[in-house]
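Single-structure report; data block below.
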Amino acid sequence: MQDVARLAGVSISSVSNYLADYPYMKPVTKQHIQEAIDALGYVTNERARSLRSGRTGLISLSIPSLTQAYFAELAEEIIAAARRRGYGILIESTGFSRDRELASVAAMARRATDGLIMSPLAMEDSDIPRLRGEFPLVLLGERLFDVPAPHVLVHNVEVGRALTEHLIAAGCETIAFLGGVLESSHPSAEVLRTKGYVQALEAAGRPVRPELVRMLEGEATSRAGVELVERMVAEGVKPDGIVCYSDLVAFGVVRQLREMRVRIPDDVRVVSIDNLDEAQYTMPSLTSVELGRRQIAELAVDSILKQVKEGRAPAGELYADYEIMYRESSPAVGS
């Protein structure tokens, strides 16, 4: 820094302020400092900086799986959001394991990183006290609501309702929900999306038929979508509209319907949720809801960094916007 300051003709404090992105600095001063940095090949010693500041420059991200496309794409968005803010991400894939989720929390007690963004799916209400430590925390999803920390959420009820309303407007008479849950004591994306489906049917004066709501018997996979269609058709249930819990389920649904020579969307319209990159390349391309992954990432990272500066934030809900991406499997009505 002394070399940079000497070459730029400024004080060492000016170089330090420039590296810290100090806003009140003359453009000409910034230019001289950057030119000196470029000429000398100077790079900051991040380890020394972290020792002085007490910060690591890293955020932990604990997600259920990197093999599921939605979580993998969300992780990429969070990495990008953190990078734009000068931070790195340390990822832990918990494999839907409660022990691994708890281990991610325990690591924060050792100050391994500056904060934790977490999507808990296996933790229980009895584990909530462990999340009350003095460290920056953001939760993703609907699994735990009594934690004193910000929650970043998607409009699951509204998404389920909007997709069902679209199918009703398109003229579908028998609408199924594959991957739905009609009754549960625990809030989850499946439960909330099914609630929106039910609301749309009731608002249209239509009965809710339990045989049209099929629950997953494991993870949301394409194989699960195939099996749900096979079982439903074998029982004589033949919908003309299908809402899928996720794109992975929908990929299997579309594949099986095509195997059965069912025309999409002429015989059956198929809609889904997640808007994975592959959704636009299926045959036919898949109408799906974009849940605002980039906005989720921005909200989560910004909340962590605000807590790093100001202290742990109280509980609060932050919602990302959504958009239906209409494609061939169920074109927009009137298009």
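The values are calculated or read from the model by the stated rules, or taken from the named source; none is laboratory data. Note that the structure is a prediction, hence the values are computed from the model and not measured. Glycine also receives a Cβ, built like all others from the backbone with ideal geometry; neighbour counts cover every protein chain displayed. For accessibility, only protein heavy atoms count, side chains too; no ligands or nucleic acids. Shrake-Rupley method; radii C 1.70, N 1.55, O 1.52, S 1.80 Å.
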Return the residues of the range 144-158 that are crowded, with 22+ Cβ neighbours inside 10 Å and within 30 Å of Ala250 (Cα to Cα); say none if nothing qualifies. Val152, Val154, Asn156
Which count do you get for residues in the range 5-16 that are assigned to a helix (DSSP H, G or I) and at pLDDT 90 or above? 4
Name every residue in the range 277-310 that is more than 18 Å from Leu139 (Cα to Cα) and small (Gly, Ala, Ser), in order of residue number. Ala279, Ser285, Ser288
Checked the range 159-178 for anything crowded, with 24+ Cβ neighbours inside 10 Å and at positive phi; matches are none
Unique match (being modelled with pLDDT under 95 and crowded, with 19+ Cβ neighbours inside 10 Å) among Leu228, Leu212, Leu216: Leu216
Selection from the range 17-47 of residues modelled with pLDDT under 80 and open to solvent by 70 Å² or more (accessible area, probe 1.4 Å) yields Ala20, Asp21, Tyr22, Pro23, Tyr24, Val43, Asn45, Glu46, Arg47
Right, Val243: open to solvent by less than 40 Å² (accessible area, probe 1.4 Å) and touching a residue at least 40 places away in the same chain (Cβ under 8 Å) or not? yes
Note down all Cβ pairs under 8 Å where the first residue falls in the range 200-218 and is touching a residue at least 12 places away in the same chain (Cβ under 8 Å), the second is open to solvent by 90 Å² or more (accessible area, probe 1.4 Å) and assigned to a loop (DSSP other than H, G, I, E, B), and they're at least six residues apart or on different chains. Leu201/Pro207; Glu211/Glu235
What's the number of the only condition in (1) modelled with pLDDT under 95; (2) farther than 30 Å from Thr56 by Cα; (3) among the hydrophobic types (A, V, I, L, M, F, W, C) that Ala315 fails to meet? (2)
Flagged pairs (Cβ under 7 angstrom, 6 or more apart or on separate chains; first in the range 77-88, touching a residue at least 40 places away in the same chain (Cβ under 8 Å); second among the charged types (D, E, K, R) and open to solvent by 30 Å² or more (accessible area, probe 1.4 Å)) are Glu77/Arg294; Ala81/Glu298
Residue check, Val198 in a helix (DSSP H, G or I) and open to solvent by 10 Å² or more (accessible area, probe 1.4 Å): yes
When you scan the range 246-264, how many residues do you find that are within 14 Å of Pro331 (Cβ to Cβ) and either modelled with pLDDT under 95 or open to solvent by less than 40 Å² (accessible area, probe 1.4 Å) (or both)? 1
Subset of the range 280-334 (residues that are open to solvent by 20 Å² or more (accessible area, probe 1.4 Å), β-branched (Val, Ile, Thr) and farther than 19 Å from Gly115 by Cβ): Thr282, Ile324, Val333
Considering (1) open to solvent by 50 Å² or more (accessible area, probe 1.4 Å); (2) in a loop (DSSP other than H, G, I, E, B), say which one Val181 fails and leave the rest. (1)
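Could you tell me whether Leu139 is closer than 24 Å to Arg293 by Cα and of a type outside the set (Gly, Ala, Ser)? Lay out the reasoning, then the answer.
Values: closer than 24 Å to Arg293 by Cα: yes; of a type outside the set (Gly, Ala, Ser): yes.
In short, yes.
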Just the residues that are over 11 Å from Ser93 (Cα atoms) and either of a type outside the set (Gly, Ala, Ser) or open to solvent by 20 Å² or more (accessible area, probe 1.4 Å) (or both), please, taken from the range 69-82. Ala69, Tyr70, Glu73, Leu74, Glu76, Glu77, Ile78, Ile79, Ala80
Filter the range 48-79 for residues that are at pLDDT below 90 and charged (D, E, K, R); which is nearest to Ala5 (Cα to Cα)? Arg49
